[in-house]
Amino acid sequence: MSTARAADRGRRAVGLGARASLRVLLAGAVTGVLLLGLPFAAKAQQPIGIKFSHVTTSDTPKGKGAEKFKELAEKYTGGKVKVEVYANSQLYKDKEEIEALQLGAVQMLAPSTAKFAPLGAKEFEALDLPFLFADEEEYAQVTKGPVGKWLFQKLEAKGISGLAFWDNGFHMVSANRPLITPADFQGLKFRISGSKVADQYFRLLGGLPQILAFSEVYQALQTGVVDGCENTPSNYLTQKFYEVQRHISAADHAHLQYAVIVNTKFWNGLPAEIRGQLDKAMNEATDYTNSIASKENEDSIAQIEASGKTTIHVLTQPQRQAWKTAMMPTYEWAKGRVGREVLELLSKAIDSRTH
Ligand code: LMR
């Protein structure tokens with residue numbers, strides 16, 4: 001529009017004195033350049049927006065990790081990137097945020113790996129196998145090694161890129177009666193977050209698992225829609241599940257981890273320099289998150305205990321062993337769900353019970 005007008009003005013200027021005509025032409029040309037150039041100039045200065053949606057509160061390992069990424073991403077790009085963090089399901093619930101990422105309505109998520117089946121990557125559920133990791137160290141080694149890389153490769157065909165694994169420790173499990181022996185699970189309804197592997201191990205204990213969005217768990221426990229659930233201490237504390245569950249058992253029966261994921265088209269479309277700065281921010285935010293997760297969970301247990309609203313039962317080795325024995329058939333069952341390849345990789349990575 002502006003070039004046409006400038007040319008038009010230029011044509012109308014013919015017939016005026018030479019100096020006047022030159023002035024009009026120049027003015028028109030300058031106006032044209034300004035009008036044409038402005039939107040681009042304005043655009044160039046506008047920061048690139050990254051919406052990072054997640055479902056836990058800001059004072060959890062994931063919440064703090066997301067804030068750390070924001071801080072570092074904005075710092076390293078000199079403000080060329082602006083990260084908006086939407087915590088506590090304020091923008092989207094579990095399943096919706098995955099759809100939003102695929103549609104490009106958000107650019108970054110960190111869902112638990114138990115929620116990857118809707119992305120067509122149910123292999124991630126292998127990480128939910130019961131008593132898979134002996135401890136945090138083993139978990140970290142596995143996700144940093146060939147298993148983690150292989151899982152991220154699985155996402156590529158879906159237009160999703162995996163950037164990092166973020167830790168949130170071992171699950172506890174709760175109900176309004178003590179869960180000490182496998183028989184205690186019999187007939188109770190348990191909320192699970194999405195994984196069919198978790199569905200299977202609850203069934204092996206005689207429980208009735210059902211998937212619910214994280215944001216709906218407190219109310220479901222309070223109103224008796226479900227009798228119990230599993231989660232990490234920081235999630236029990238920040239979502240106040242401990243207020244509506246009289247007994248919590250700690251047996252380290254399963255592990256909760258997140259995969260930070262982005263829409264590949266968006267990520268690869270970023271200028272290389274910016275992507276490099278964001279990679280650096282993500283690496284440091286990952287180290288930070290993984291370094292605070294254990295302590296955050298220990299502190300959460302202390303706060304839950306201090307509340308006096310629930311009883312935490314730390315299972316003895318023989319009690320754990322009884323759960324383990326009851327849940328072990330999950331491994332055989334999982335071959336048909338997550339496939340043998342990831343199970344074999346896992347068994348190579350850890351002295352495994354996957355065969
Ligand atoms: C859950 O739904 O229980 C967890 O995945 C929530 C979370 O992100 O920690």
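The values are calculated or read from the model by the stated rules, or taken from the named source; none is laboratory data. Computed from a prediction, not measured in an experiment: that's the story for all the values here. Neighbour counts run over all protein chains shown; Cβ positions are idealised from the backbone, glycine included. Remember, those area values only see protein heavy atoms, side chains included, never the ligands or the DNA or RNA. Shrake-Rupley method; radii C 1.70, N 1.55, O 1.52, S 1.80 Å.
Pull up the range 115-152, narrow it to residues that are among the acidic types (D, E) and within 21 Å of T325 (Cβ to Cβ), then point me to the one that is nearest to the ligand (Cβ to nearest atom).
Initially, the range 115-152 is screened for residues among the acidic types (D, E), giving 123, 125, 128, 135-138.
Okay, now just the ones that are also within 21 Å of T325 (Cβ to Cβ), so 128, 135, 138.
Numbers: D128: 11, D135: 20, E138: 20 Å.
Out of the qualifying residues, it is D128.
I'd like to verify a number: residues in the range 47-63 that are away from the ligand (no atom under 11 Å from the Cβ), surrounded by fewer than 22 Cβ atoms within 10 Å (Cβ to Cβ) and in contact (Cβ under 8 Å) with a residue 40 or more places away in the chain, how many?
4
If I ask for residues that are in contact with a helix residue (DSSP H, G or I) (Cβ under 9 Å, 6 or more places away or on another chain) and surrounded by fewer than 13 Cβ atoms within 10 Å (Cβ to Cβ), which ones from the range 303-312 would you list?
S307
Based on what the data block shows, is E332 open to solvent by 40 Å² or more (accessible area, probe 1.4 Å), of a type outside the set (F, W, Y), farther than 22 Å from G207 by Cα and part of a helix (DSSP H, G or I)?
No, not satisfied.
Take the range 199-215 and flag every residue that is on the phi < 0 side of the Ramachandran plot and away from the ligand (no atom under 14 Å from the Cβ).
Hits for the range 199-215 are Q200, Y201, R203, L204, L205, G207, L208.
Across the range 280-302, what is the total count of residues that are within 30 Å of G206 (Cβ to Cβ) and open to solvent by less than 20 Å² (accessible area, probe 1.4 Å)?
Matching residues across the range 280-302 total 2.
The conditions are (1) open to solvent by 10 Å² or more (accessible area, probe 1.4 Å); (2) among the small types (G, A, S); (3) within 16 Å of the ligand (Cβ to nearest atom), and G79 fails exactly one of them. Which is it?
(3)
Answer with yes or no whether Y218 is within 16 Å of the ligand (Cβ to nearest atom), open to solvent by 50 Å² or more (accessible area, probe 1.4 Å), modelled with pLDDT of 95 or more and not in a strand (DSSP E or B). Let's see the steps before the verdict.
On the way: within 16 Å of the ligand (Cβ to nearest atom): yes; open to solvent by 50 Å² or more (accessible area, probe 1.4 Å): yes; modelled with pLDDT of 95 or more: yes; not in a strand (DSSP E or B): yes.
When the stated conditions are applied, Y218 passes them.
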